[in-house]
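Input: a single structure, listed below in structure tokens.
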Amino acid sequence: PSFALAEDEMEVGIGIHGERGMYREKVASSQEIAKLLVSKVAAELPGSDPLAVLINGMGSTPLVEQYSFARDVLAELDK
């Protein structure tokens with residue numbers, strides 16, 4: 001493995017080839033992760049132009065979890 005995570009850790013912003021992410025933090029709920037990531041992306045965007053969101057399960061996240069996360073992301077964007 002290129003890196004190891006503790007049972008209670010998650011990598012935020014991992015690379016597509018297993019590169020390290022921006023940082024690690026404690027595992028959070030889908031809603032908390034959606035809030036975190038949407039706020040980071042929104043801070044980089046000028047104005048309120050339309051945007052597209054891609055949710056990538058990296059080949060191992062079950063679809064039901066991806067759909068639940070998509071729901072949480074949309075809820076954050078609606079705010």
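A short reminder: the numbers here are calculations on the coordinates, not readings from a lab. Predicted, not measured: the structure shown is a model, and the values here were computed from it. Virtual Cβ from ideal backbone geometry, glycine too; neighbours counted across all protein chains shown.
Side notes on the structure shown:
- Point-to-point label distance, GLU32-LEU74, nm (Cα→Cβ direction, 7 Å offset): 2.5 nm
- The residues LEU63, LEU77, when put in order of fewest to most other Cβ atoms within 10 Å, stand as LEU63, LEU77.
- The angle separating the long axis of helix 63-78 from the principal Cα axis of greatest extent in the chain is about 40 degrees.
- The chain: chymotrypsin sites (Phe, Trp or Tyr not before Pro) in DSSP coil with no more than 12 other Cβ atoms inside 10 Å: PHE3
- For the chain, averaging the sequence separation of C-alpha pairs within contact (under 8 Å, six or more residues apart) and dividing by the residue count gives a relative contact order of 25 percent.
- Projecting the Cα atoms of GLN66, MET22, LEU51 onto the charge dipole of segment 9-78 (Cβ charges, centred on the Cα centre) puts MET22 farthest toward the positive pole.
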